[in-house]
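A short worksheet on the structure shown next.
Read-outs: derived from the displayed coordinates by stated rules, not from any lab. Values in this document were obtained by computation on a predicted structure and should not be read as measured data. When we count neighbours, we look across all protein chains shown, and the Cβ atoms used for this are built from the backbone with ideal geometry, even at glycine.
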Amino acid sequence: VDKCLICDSEYSPFVDFGFMPIANAFATKEQIKNEYTFPMKVGFCGNCNMVQLVEQPDREKMFHENYAFFSSTSNYMKEHFKLFANSVSELQDLNENSFVVEVGCNDGILLENFVIDNIPCLGVEPSENVAQVAMEKGIEVITQFFDRPLAEHILQSHQKADAILSANVMCHIPYIHSIYDGVKTLLKEDGVFIFEDPYLGEIIEKTSFDQIYDEHVFLFSALSVNYLANMHDLELVNVEPQITHGGSMRYTIAHKGVKTVSQNVINLIKKEKKLGLDKKQSYLGFTDNVNKIKNDLINLLTKLKNDGKKVVAYGATSKSTTVTNYFGITPDLVECIYDTTPIKQNKLSPGAHIPVLPYDQFRESNPDYVLLFAWNHATEIMKKESDYMGNNRHWITYIPNVKVI
């Protein structure tokens, strides 16, 4: 029997992806021999409405000194975080006496905006290689996992926070109660805790199942976030949809009774109930949709292979690990993946062992079809490559269904 990480109720999985490697564990031929995998199943708790991975892989294997994801590689994300920082400054009226803490600051893409405005801030980031990049931008960083003891330490060395921020991190943390205890401890009376993560409603509506991988322990909804906040004498006071990562939600949490709950929250909870995010049945339908995409994509790739077409992939994303491993996409169906991240290049993709090559070789490869793993940046990418793709080369996308463009 599986126990919910939030409320300890019993629940059962609704989808089983089989054994999965770590999504960002791009490896050399030598390292592949010791590849770590874990059973990836996803369940829904009918009591608190949280959707979660049934088993968590070893955290030290995911976030470490060689973590392969640097936020700042996307210009779109740079702009997104600049706007995020501005909205927080405005909301909390921040100045040189304020204090902002970011949990999981990565390479400083969000906090650098506060540094420019002379607003005191602190990053918490356990992956040393990305933390180093943030420090070089003049950001103070603690290379640890955030929890209540660390919050108490920050309280003593600094002050209470006007804002605690986090982007695409909360969903990574199985011991989330300790985070909320830390937030409760560190947040000023009128402070806000604002975080954004891939949104469950979008994942169910779009069947974007590839948002599920080792790092994403939780798939949040307003229903589940509000339940969790209430357990810690906090409450959800605002929600704002974001288009990042294929559909995210920004949640604003405050001490209970301090701020007015926005109509947005009430509307979104109504919408979620209408979508059936509080019913197990909806999730079983999601699993059927995933399997339809699987069959359609494998049939298409097999047909293209038999027709002698050359198929390559674009973007060695974390998401691609779920797709290649669950669908069984091997190098004989997709011969390589082109990617701009140096740390991933000339390695093999996790589990499926598809070679990852530097992006600058993409155009020389002369493919007939390009499978787009970075589908959440489709507009940006298709525009960039439109001259090269022309009329005789085609994109393949698979969310919300398989399409040849």
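Details
- Inter-site label distance for Arg393 and Tyr76 at 7 Å from Cα along Cβ, in nm: 1.9 nm
- Relative to the longest principal axis of the Cα atoms of the chain, helix 263-275 runs at roughly 40 degrees.
- Value of Rg/Rh across the stretch 296-405 [Cα atoms, Kirkwood radius]: 0.92
- The chain: most fluctuating residue of Phe14, Phe26, Phe44 per GNM, C-alpha cutoff 10 Å: Phe14
- Exposure proxy for Phe209, Phe84: other Cβ atoms within 10 Å of each Cβ, ordered fewest to most, give Phe84, Phe209.
- Near-label residues of the stretch 203-243 by backbone N, under 20 Å of a point 7 Å along Cα→Cβ of Ser12: none
- Near-label residues of the stretch 1-32 by backbone N, under 19 Å of a point 7 Å along Cα→Cβ of Asn346: 25-32
- For Leu357, residues with placed amide H under 5 Å, excluding near neighbours: Ile337, Tyr338, Asp339, Asn346
- Note, ³J(HN,Hα) from phi for the stretch 338-348, Karplus 6.51, -1.76, 1.60, rounded to Hz, x at Gly and Pro: 9, 8, 8, 7, x, 5, 8, 6, 6, 10, 10
- The Cα trace of the chain gives Rg and Dmax of 21.2, 67 Å, the first to one decimal, the second as a whole number.
- For the stretch 302-317, 3J(HN,Hα) computed residue by residue from phi via the Karplus equation (6.51, -1.76, 1.60; θ = phi - 60°) reads 5, 5, 4, 4, 5, 7, x, 7, 9, 10, 10, 10, 10, x, 7, 6 Hz, glycine and proline entered as x.
- For the chain, modelled as a GNM whose springs connect Cα atoms under 10 angstrom apart, the maximal fluctuation among Glu125, Glu152, Glu235 occurs at Glu152.
- Separation of the stretch 376-405 and the stretch 109-163, taken as the distance between their Cα centroids, equals 38 angstrom.
- Modelled this way, with points 7 Å down the Cα-to-C-beta line, the labels at Asn95 and Asn129 are 4.3 nm from one another.
- Proximity of backbone amide H atoms, modeled 1.01 Å from N, is registered between Asp2 and Tyr11 at under 5 Å, excluding neighbours fewer than 5 places apart on the same chain.
- Look at where the Cα atoms of the stretch 325-363 and of the stretch 9-55 average out, and the two centres are 21 Å apart.
- All lysines inside 20 Å of Lys160 as judged from Cα atoms, apart from same-chain residues fewer than 8 positions distant: Lys184, Lys188, Lys256, Lys259
- The chain: angle of helix 176-186 to the longest principal axis, Cα-based, in degrees nearest 10: 40 degrees
- Restricting the trypsin sites (Lys or Arg not before Pro) of the stretch 21-58 to loop positions (DSSP other than H, G, I, E, B) with no more than 11 neighbouring Cβ atoms within 10 Å leaves Lys33.
- Put simply, the amide H of Leu187, placed in the peptide plane, has neighbours under 5 Å in Ala161, leaving out anything fewer than 5 places away on its chain.
- Within the stretch 284-339, the trypsin sites (Lys or Arg not before Pro) that combine a DSSP coil assignment with at most 13 other C-beta atoms in a 10 angstrom radius are Lys309.
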